[in-house]
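Reviewing the structure listed below.
The numbers here are math on the coordinates, done by the rules we state, and not lab data. Everything numeric in this text was worked out from a predicted model, so none of it was measured. Neighbour counts run over all protein chains shown; Cβ positions are idealised from the backbone, glycine included.
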């Protein structure tokens, strides 16, 4: 299944008066307890949906010949040693980790698997409204290559 570029839309919703009053009663953010270092360090990858163009580092603990960096092809498949082609488009990172753990059980006794994204597919967005240069922009998946966006 091939996907066309997906425009990014931002929606604004009205806040009911009761919810606004509750938020005001809770006080400013400075009065709330700050997140601890372990809480900030814990990264959750479950919100990101994998698709063609993403690159993932798959590490099988103590088995370097089955570990490495792999990309998801345009057809949504990822090629891994021993497992061959696996259709992974539409999964979250945690779902992929569980799926690969189940697949590797045929080759490894009690596999311990770590999966993390190392490159994200480019996403095409539209910037409109009162901006200097409205139009379509492509955000690349490489953090160092992304231009800084300024909001005025």
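Just a few scattered comments:
- Filtered residues of region 78-98 (kept if surrounded by fewer than 17 Cβ atoms within 10 Å (Cβ to Cβ) and over 14 Å from residue 49 (Cα atoms)): 79, 81, 82, 83, 84, 85, 98
- Number of positions in region 83-102 that are within 14 Å of residue 70 (Cβ to Cβ) and touching a strand residue (DSSP E or B) at 6+ places or on another chain (Cβ under 7 Å): 9
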